[in-house]
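J.: Before anything else, here's the structure in question.
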Amino acid sequence: HRVFELRKVSKQYGSDPAVHALVDVDLSLDRGEWLSITGPSGSGKSTLLNIIGCLDRPTSGSYFIDGIDTANLTDKERAGLRSQRIGFVFQAFHLLPYRTVLENVMLAEVYRKQPNSGRRARALAAIERVGLSHRADFLPTKLSGGEKQRVAIARALIGSPSLLLCDEPTGNLDSKSSAALLDLFEKLNQNGITLVIVTHDEHIAGRAARRVHVVDGSLTDVTNEQNGKKSTGP
Ligand code: ADP
Ligand code: ADP
């Protein structure tokens with residue numbers, strides 16, 4: 001089962017001169033895979049993630065998600081697809097400061113217009129998946145950076161998305177919290193979550209089973225034999 005597929009996707013911004021942010025990109029991911037995306041600043045990573053996440057449309061080429069061709073969908077249909085099938089995690093945690101962990105996660109369901117019944121149970125289950133049950137009633141200000149990012153991940157997972165998209169998830173974390181988050185990503189992936197992570201963190205990029213590198217809007221598959229293995233360093 002293919003979660004998404006880009007066929008000859010190009011994206012340009014403006015004209016005269018146009019910025020060619022993506023050029024003829026082919027990329028697909030199967031259910032349960034873990035892909036990391038690396039590349040220098042300005043190479044097109046965010047543009048790629050925005051297209052995978054149905055936040056933006058290609059200028060040319062095709063984009064399929066769960067076998068659905070997104071070309072002919074209205075903005076409303078695309079928004080529906082996004083909220084049903086995709087979870088987003090960003091560098092900044094975007095938590096509401098005066099709401100508890102549980103409330104922050106439950107609110108994701110309010111926005112997704114999910115039924116009231118079972119909301120609390122689903123939120124608690126998502127919080128448990130990220131190992132934060134003991135913090136459910138805490139305010140974000142009482143949490144470490146790593147814990148805040150776990151809340152953001154729980155919030156992204158609550159709708160059981162087909163795909164979790166993460167843009168520099170460890171960008172605001174120290175190396176210890178980053179390592180702990182990497183363990184969580186590994187656990188989630190082992191439990192069947194399909195992951196796409198844009199990162200500058202070599203540890204994360206190396207742990208993913210597949211890896212692509214973006215330069216000037218073009219993609220190279222740089223998966224090597226070491227990918228997907230834990231480093232055996234000190
Ligand atoms: P990255 O995420 O790798 O830093 P981006 O996808 O953000 O790269 O940007 C790729 C190129 O497209 C850059 O040259 C950037 O300036 C340009 N770009 C990105 N978004 C826009 C936009 N909305 N309008 C104009 N140019 C943009
Ligand atoms: P990242 O740090 O992930 O590479 P950026 O800082 O490049 O992200 O971009 C953040 C947002 O701003 C993205 O959604 C991108 O599309 C947009 N953006 C990037 N470059 C430009 C630009 N030159 N003009 C307008 N929007 C841009």
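J.: Eigenvalues of the Cα gyration tensor times 5, then square-rooted: what semi-axes does that give for the chain, in whole angstrom, largest first?
T.: Details: eigenvalues 165, 99, 51 Å².
Each semi-axis is √(5λ); the values are 29, 22, 16 Å.
J.: Can you list residues whose amide H is under 5 Å from Phe90's amide H, if they're 5+ apart or on another chain and H is modeled 1.01 Å from N?
T.: Placed amide hydrogens put Asp167 under 5 Å from Phe90.
J.: Determine how large the accessible area of His134 is when every protein chain is in place; take a 1.4 Å probe and give Å² rounded to the nearest 10.
T.: Rounded to the nearest 10, that gives 110 Å².
J.: Past 29 Å, Cα to Cα, is the threshold; run Lys142/Lys176; Lys8/Lys113; Lys45/Lys148; Lys45/Lys187; Lys45/Lys76; Lys45/Lys230 against it and keep the listed order.
T.: On the way: Lys142/Lys176 18 Å; Lys8/Lys113 34 Å; Lys45/Lys148 24 Å; Lys45/Lys187 25 Å; Lys45/Lys76 25 Å; Lys45/Lys230 25 Å.
Distance filter (> 29 Å) returns Lys8/Lys113.
J.: Return the long-range amide H neighbours of Val3 (sequence gap of 5 or more, or a different chain), with a cut-off of under 5 Å between placed amide H atoms.
T.: The list, which skips near neighbours in sequence, is Leu29, Asp30, Arg31.
J.: Explain nothing, just compute: Karplus ³J(HN,Hα) = 6.51 cos²θ - 1.76 cosθ + 1.60, θ = phi - 60°, for every residue of region 96-109 in order, whole Hz, x for Gly and Pro.
T.: 3J(HN,Hα) across region 96-109, in whole Hz: 6, x, 9, 10, 5, 3, 4, 5, 4, 6, 5, 4, 4, 6.
J.: Report, in deg cm²/dmol and to the nearest 500, the calculated mean residue ellipticity at 222 nm for the chain, where each DSSP H run with n ≥ 4 adds -39500 (n - 2.57) and the sum is divided by the residue count. Provide the component values of the computation, followed by the final result.
T.: Details: 7 runs with 76 residues, N = 234.
Theoretical 222 nm ellipticity from helices: -10000 deg cm²/dmol.
J.: Identify all aspartates and glutamates with a Cα-Cα distance to Lys11 below 12 Å; exclude those on the same chain that are fewer than 8 residues away in sequence.
T.: In chain and number order, the partners are Asp24, Asp56, Asp216.
J.: So, with +1 on the Cβ of K and R and -1 on the Cβ of D and E, and no other charges, what is the size of the charge dipole of region 78-174 about its Cα centre, to the nearest 20 debye? Working shown, then result.
T.: Working: 15 positive and 8 negative charges, 91 e Å.
Here region 78-174 has a charge dipole of around 440 debye.
J.: If you put +1 on each Lys and Arg Cβ and -1 on each Asp and Glu Cβ, how big is the dipole of the chain around its Cα centre, in Debye rounded to 20? Please report the intermediate quantities before stating the final value.
T.: On the way: 30 positive and 26 negative charges, 176 e Å.
The dipole of the chain has a size of about 840 debye.
J.: At 0.36 nm per residue, and after removing the present C-alpha to C-alpha distance, how many nm does the segment from Arg57 to Ser175 gain when stretched out fully? Kindly include the intermediate steps, with their values, before the conclusion.
T.: Values: separation 118, 0.36 × 118 = 42.48 nm, distance 3.49 nm.
Contour length minus Cα-Cα distance gives 39.0 nm.
J.: Follow-up question, since we're still on this one. Spelling out what I want: for every residue of region 172-187, take phi, set θ = phi - 60°, compute 6.51 cos²θ - 1.76 cosθ + 1.60 (Karplus), and round to whole Hz; glycine and proline get x.
T.: So the Karplus estimates, Gly and Pro as x, are 9, 10, 6, 5, 5, 5, 4, 5, 5, 5, 4, 4, 5, 4, 4, 5 Hz.
J.: Counting only protein heavy atoms and a 1.4 Å probe, tell me what percentage of region 10-53's accessible area is made up of carbon and sulfur. Display every interim value, and only then the final one.
T.: On the way: 870 of 1880 Å².
The value for region 10-53 is 46 percent carbon and sulfur by accessible area.
J.: In whole Hz, what ³J(HN,Hα) sequence does region 151-160 give by Karplus (6.51, -1.76, 1.60; θ = phi - 60°), x for Gly and Pro?
T.: 4, 4, 5, 4, 4, 6, 8, 4, x, 6
J.: At most 10 other Cβ atoms within 10 Å plus a DSSP loop assignment makes a site exposed; report the longest stretch of the chain without any exposed trypsin sites (Lys or Arg not before Pro). Before the final figure, lay out each step's value.
T.: Numbers: sites that count: Lys113, Lys229.
Here the longest segment lacking exposed loop sites spans 114-228.
J.: While we're on this one: Of all DSSP beta bridges in region 74-227, what percent run antiparallel (nearest 5)?
T.: Antiparallel: roughly 35 percent of the beta bridges in region 74-227.
The values are calculated or read from the model by the stated rules, or taken from the named source; none is laboratory data. Treat the numbers as computed from the prediction; the structure is a model and nothing was measured. Every residue, glycine among them, receives a Cβ derived from its backbone with ideal geometry; neighbour counts consider all protein chains shown. The protein model used for the area step is the full one, side chains on, heavy atoms only, and it has no ligands, DNA or RNA in it. Shrake-Rupley method; radii C 1.70, N 1.55, O 1.52, S 1.80 Å.
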